[in-house]
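The values are calculated or read from the model by the stated rules, or taken from the named source; none is laboratory data. Computed from a predicted model, the values in this text were never measured in an experiment. Don't worry about glycine lacking a Cβ; one is built from the backbone with ideal geometry, like all the others, and counts go over all protein chains shown. Heavy atoms of the whole protein, side chains included, go into the accessibility calculation; ligands, DNA and RNA do not. Shrake-Rupley method; radii C 1.70, N 1.55, O 1.52, S 1.80 Å.
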Amino acid sequence: MTDAPSVPLTALDQLWFQVAGTVRNLRCKHCFISCSPQNHSFWFLERSKVQAALEESIELGVKEYYFTGGEPFMHRDMIPILADTLVLGPTTVLTNATLFTPKRVEALAVAAMESIYSLEFRVSIDGVTADANDAIRGDGTFVRAMEGVGMLIEVGFLPIITAMQSWPDEMHEDVLADFAEVLAAHGYRRPRIKILPPLRIGAEVERSRGYEDYERITPEMLCGCDIDQLLCTRARLVTARGVYACPILLDYETAWLHETLGGAVRQHVPLREQACYTCYVSGSICANVALEGRDHS
């Protein structure tokens with residue numbers, strides 16, 4: 001096998017937090033780190049540890065912050081953590097929106113209003129009907145997620161609806177149109193929609209397939225490539241067990257970089273895992289940016 005290339009951190013633009021570890025209230029059949037109520041591989045980040053990383057991030061020039069899990073809103077201190085973060089910069093939470101209540105969403109609106117920076121929500125909904133979504137995310141999750149989206153819209157947020165592509169390419173435009181129609185019926189008339197490619201690790205291997213042998217990055221593939229399209233050249237992930245290269249490779253030892261954020265920014269990231277291939281093809285799929293396809297034939 002060809003040796004895997006590695007890439008440096010060119011700038012720490014984004015700081016991610018695995019704030020809820022691998023603990024989630026759902027058991028999604030496509031989860032690349034197989035989060036569930038019973039998956040305690042990574043535990044919750046204490047607010048004090050988030051605050052320490054935030055302090056360190058100031059001198060490192062971080063421009064925006066992301067919170068993921070697991071399900072971030074299983075963390076009892078999630079709203080205070082967001083308030084801490086919004087003092088420093090734009091903040092995004094990746095959530096399934098099934099744990100929202102009017103009181104909680106109102107508190108989020110207050111936190112956003114008190115900050116000069118934006119608070120964004122990425123809400124995972126993996127189908128335009130209850131049957132399609134619930135087959136992946138569990139019974140009843142479509143209705144609950146849509147209710148959560150409605151609460152966010154009511155207080156002025158414009159959530160990014162995120163879906164993994166589980167349909168053929170030829171259906172893509174129809175699915176986008178259907179999403180827009182369904183969301184409009186729930187009061188979201190100009191929705192922001194982000195479609196993600198499947199990551200063929202974790203639970204997704206059983207749902208569809210794993211990676212083929214050819215689906216990996218070689219040194220030749222980086223010749224002339226804009227490596228800034230790879231999230232690991234512009235971000236780091238803080239977890240309860242140290243700092244990792246990116247949110248996707250939590251289950252891989254190759255992605256662990258250092259115990260501290262300061263140490264992790266000096267480390268090169270080996271692109272050894274096949275999930276790196278998906279980011280190479282599709283761009284920084286984790287961030288709040290449009291996907292950029294590449295012809296790498």
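Scanning segment 61-71 for residues that are surrounded by 16 or more Cβ atoms within 10 Å (Cβ to Cβ) and more than 27 Å from H40 (Cα to Cα) yields a count of 2.
Out of curiosity, is R200 over 19 Å from T278 (Cα atoms), open to solvent by 40 Å² or more (accessible area, probe 1.4 Å) and of a type outside the set (A, V, I, L, M, F, W, C)? Criteria not met by R200. Applying the set (1) modelled with pLDDT of 95 or more; (2) not in a strand (DSSP E or B) to W43 leaves exactly one unmet item: (1). Of the residues making up segment 98-130, those that are outside any loop (DSSP other than H, G, I, E, B), of a type outside the set (A, V, I, L, M, F, W, C) and touching a helix residue (DSSP H, G or I) at 6+ places or on another chain (Cβ under 8 Å) are P102, R104, S124. Test L237 against the stated conditions and say whether it is aliphatic (A, V, I, L, M), in contact (Cβ under 8 Å) with a residue 12 or more places away in the chain and surrounded by fewer than 22 Cβ atoms within 10 Å (Cβ to Cβ). Spelling it out, it is not the case that L237 is aliphatic (A, V, I, L, M), in contact (Cβ under 8 Å) with a residue 12 or more places away in the chain and surrounded by fewer than 22 Cβ atoms within 10 Å (Cβ to Cβ). Residues in segment 49-85 that are without any contact (Cβ under 8 Å) to a residue 12 or more places away in the chain and within 22 Å of R104 (Cβ to Cβ): R76 alone.
Screening E114 against (1) open to solvent by 20 Å² or more (accessible area, probe 1.4 Å); (2) in contact with a Ser or Thr (Cβ under 8 Å, 6 or more places away or on another chain) leaves a single unmet condition, (2). Only one entry in S48, S34 is of a type outside the set (A, V, I, L, M, F, W, C), open to solvent by 40 Å² or more (accessible area, probe 1.4 Å) and either in a loop (DSSP other than H, G, I, E, B) or at positive phi (or both), namely S34. Within segment 270-277, none of the residues are open to solvent by less than 50 Å² (accessible area, probe 1.4 Å) and basic (K, R). If I filter segment 119-135 down to residues being of a type in the set (V, I, T) and open to solvent by 10 Å² or more (accessible area, probe 1.4 Å), which single residue comes out as nearest to the chain's Cα centre (by Cα)? Here the residue is V128.
Taken as a whole, the structure leaves I160 outside the set of residues that are farther than 26 Å from Q274 by Cβ, within 17 Å of the chain's Cα centre (by Cα) and open to solvent by 50 Å² or more (accessible area, probe 1.4 Å).
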